[in-house]
Amino acid sequence: MLDFIATLTARLSFALDDPELQASARGLDARVRLACGDAAVDLVFAPDAPTRWSGSTGGVVDVALTAPPMIWEAALARVPPPLHQSFTALQLANPDATVSGDPLRVAQARPALERLLEVLRLVAGPATAGGSPPQPVTRDMGQVIGRYVSLITQEGPCEVFYEAAGSGSPVVFLHTAGADSRQYGALLSDVALARDWTLLAFDCPFHGRSLPPLDWDGGAYRLDGARYASWVTAFLETVVPTPAILVGCSMGAAIALTVAADRPDLLRGIIALEAPLRSSGRRNPYLAHAAVSGGGHNSAYVRGLMSPTSPEAWRRRAAWIYAQGGPGVYTGDLAFYSDEFDGARVAPRIDAGRLPVHLLTGTYDYSATTDDGAALAALMPGSTFHAMPDLGHFPMSENPDLFRPYFARALDAIRAAG
């Protein structure tokens, strides 16, 4: 049985010296309680003083994370199981843990608390994926060329940035909500993939290097399925000369399924990564809020969706993209992904007997779960579904070497289908 106080206090001196935790807590003024039954430890974050901790004094706290011993034991293990890997996983997806406090204060503390749980585990050693280590992949970013193209979309002309590499049949990548095509840098720079395929990835308008249209009025950005589909189909019709394999992750997977249902003539097949059935509840008011740092909060919010066994350097990069999103873009995208999209309505309209459909989902993803992937596959006879152990919501960017064999097999299956 976990000795909560002894375990926590033994690790805190190490954790509080972590440079990333200190950077994440800059300006934070909050008392945070970590509690297990009657045992608790308080951490005091102050803007002008080092973070300190003490045994709980029973006073008022701003944020409290409370869980029974078995949950804390799992969360602090070197390799925590799914739903225990992060502060946000415990808050949103683990029914045995409770986060209490003013939701605004929780949002302000989220970057520090995400990193705190990560670094408390590091004392036990780095988390690594089970099985054989993935084969190293040869990459060359110099093979990736970027350019702009004017697309005629539902809302008029848009100047859209895209990257391309390789030669062969086209493979088009669609990024996740609030992000951009940098998520696919490891695949675009993959030397072996570029020998066989033309790899393309574009930033949707308002994302990454694709600016808002000049006639945008500056109001709140909000994405819906029709608008999103017009961007994707315009890119396919304008840039891609032959039917493409469409690869989307999360929000990108949702629209890939939509395009497969409505415009199969543009496609050779789809590979849907982390595809949702329904992903209600992903939006919250603090993704775009005047009292919360959007870059810090949103990058922490998505970091909680990643696998703890994914290399730390890759996880940092994957989260960094979210730290640079335009104001309100992430929550605006979730209006489509979390509020509108319904896989149970879209998937039955896809003829997977004619158009190859492959679904891949990481086991640590609590936004679009492996149960979602299996349910979607059941609605599309002829499709395939594979769970990916030790991967999370951003497999192509959080651990591209581990992800690559799953992706390569799906590509090969589509090529073999003709």
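Can you say whether SER54 is under 25 Å from the mean Cα position of the chain (by Cα), surrounded by fewer than 20 Cβ atoms within 10 Å (Cβ to Cβ) and free of Cβ contacts under 8 Å to residues at least 60 places away in the same chain, as far as the supplied structure shows?
no
Is it true that LEU223 is open to solvent by 20 Å² or more (accessible area, probe 1.4 Å), closer than 20 Å to GLY343 by Cα, at pLDDT 95 or above and part of a loop (DSSP other than H, G, I, E, B)?
When the stated conditions are applied, LEU223 does not pass them.
Considering every residue within region 328-345, establish whether at least one is assigned to a loop (DSSP other than H, G, I, E, B), within 30 Å of ILE414 (Cα to Cα), open to solvent by less than 20 Å² (accessible area, probe 1.4 Å) and at pLDDT below 95.
no
In region 1-39, which residue that is free of Cβ contacts under 8 Å to residues at least 24 places away in the same chain and in a loop (DSSP other than H, G, I, E, B) is most open to solvent (accessible area, probe 1.4 Å)?
It comes out as ARG26.
Output the helices (runs of 4 or more DSSP H) that fall wholly within region 356-418 and possess 1 or more residues being touching a Leu at 6+ places or on another chain (Cβ under 7 Å) and open to solvent by 40 Å² or more (accessible area, probe 1.4 Å), or say none.
400-417
Of the residues in region 303-324, how many are under 13 Å from GLN183 (Cα atoms) and either touching a strand residue (DSSP E or B) at 6+ places or on another chain (Cβ under 7 Å) or of a type outside the set (A, V, I, L, M) (or both)?
Looking only at that region, the number is 7.
Output the residues belonging to region 237-251 that are hydrophobic (A, V, I, L, M, F, W, C) and in a loop (DSSP other than H, G, I, E, B).
VAL240
Of the residues ALA254, ALA234, ALA260, which is modelled with pLDDT of 95 or more, in a helix (DSSP H, G or I), surrounded by 23 or more Cβ atoms within 10 Å (Cβ to Cβ) and out of contact with any helix residue (DSSP H, G or I) (no Cβ under 7 Å at 6 or more places or on another chain)?
Numbers: ALA254 fails: out of contact with any helix residue (DSSP H, G or I) (no Cβ under 7 Å at 6 or more places or on another chain); ALA234 fails: surrounded by 23 or more Cβ atoms within 10 Å (Cβ to Cβ).
Just a single option satisfies the conditions, and that option is ALA260.
Among the residues of region 270-295, which ones are closer than 22 Å to PHE394 by Cβ and outside any loop (DSSP other than H, G, I, E, B)?
Hits for region 270-295 are ILE270, ILE271, ALA272, LEU273, TYR286, LEU287, GLY294, GLY295.
Which of (1) open to solvent by 20 Å² or more (accessible area, probe 1.4 Å); (2) farther than 25 Å from SER307 by Cα; (3) acidic (Asp, Glu) is the odd one out, the single condition ASP42 does not satisfy?
Result: ASP42 fails condition (1) only.
Can you say whether PRO348 is in contact with a Ser or Thr (Cβ under 6 Å, 6 or more places away or on another chain), touching a residue at least 24 places away in the same chain (Cβ under 8 Å) and surrounded by fewer than 24 Cβ atoms within 10 Å (Cβ to Cβ), as far as the supplied structure shows? Steps first, answer last, please.
On the way: in contact with a Ser or Thr (Cβ under 6 Å, 6 or more places away or on another chain): no; touching a residue at least 24 places away in the same chain (Cβ under 8 Å): yes; surrounded by fewer than 24 Cβ atoms within 10 Å (Cβ to Cβ): yes.
No.
Among the numbered criteria (1) open to solvent by less than 20 Å² (accessible area, probe 1.4 Å); (2) aromatic (Phe, Trp, Tyr); (3) over 17 Å from the mean Cα position of the chain (by Cα), which one does TYR148 miss?
(1) is the only condition that TYR148 fails.
Under 6 Å by Cβ, and 6 or more places apart or on different chains, what pairs join a residue from region 141-168 that is within 14 Å of THR233 (Cα to Cα) with one that is open to solvent by 70 Å² or more (accessible area, probe 1.4 Å)?
SER150/PRO157; SER150/GLU159; LEU151/THR238
Under the condition of being open to solvent by 50 Å² or more (accessible area, probe 1.4 Å) and among the aliphatic types (A, V, I, L, M), which residue from region 70-91 is nearest to GLY304 (Cα to Cα)?
Among those residues, the one meeting the criterion is LEU83.
Of everything in region 57-68 that's exposed (fewer than 15 other Cβ atoms within 10 Å of the Cβ), in contact (Cβ under 8 Å) with a residue 12 or more places away in the chain and not hydrophobic (A, V, I, L, M, F, W, C), which residue is nearest to PHE4 (Cα to Cα)?
Going through region 57-68, the residues exposed (fewer than 15 other Cβ atoms within 10 Å of the Cβ) turn out to be 57-60, 68.
Remaining after also requiring in contact (Cβ under 8 Å) with a residue 12 or more places away in the chain: 57, 59-60, 68.
Filter once more, so that each one left must be not hydrophobic (A, V, I, L, M, F, W, C): 57, 59, 68.
On the way: THR57: 16, GLY59: 20, PRO68: 10 Å.
Filtering region 57-68 for residues that are exposed (fewer than 15 other Cβ atoms within 10 Å of the Cβ), in contact (Cβ under 8 Å) with a residue 12 or more places away in the chain and not hydrophobic (A, V, I, L, M, F, W, C), the one nearest to PHE4 (Cα to Cα) comes out as PRO68.
Please enumerate the residues belonging to region 131-145 that are surrounded by 11 or more Cβ atoms within 10 Å (Cβ to Cβ) and assigned to a strand (DSSP E or B).
Listed by number, the list holds a single entry, ARG139.
The values are calculated or read from the model by the stated rules, or taken from the named source; none is laboratory data. Please read all numbers here as calculations on a predicted model, not as lab measurements. Cβ coordinates were reconstructed from backbone atoms using ideal geometry, including for glycine residues, and neighbour counts include every protein chain displayed. Calculation scope for accessible area: heavy atoms of the full protein, side chains included, ligands and nucleic acids excluded. Shrake-Rupley method; radii C 1.70, N 1.55, O 1.52, S 1.80 Å.
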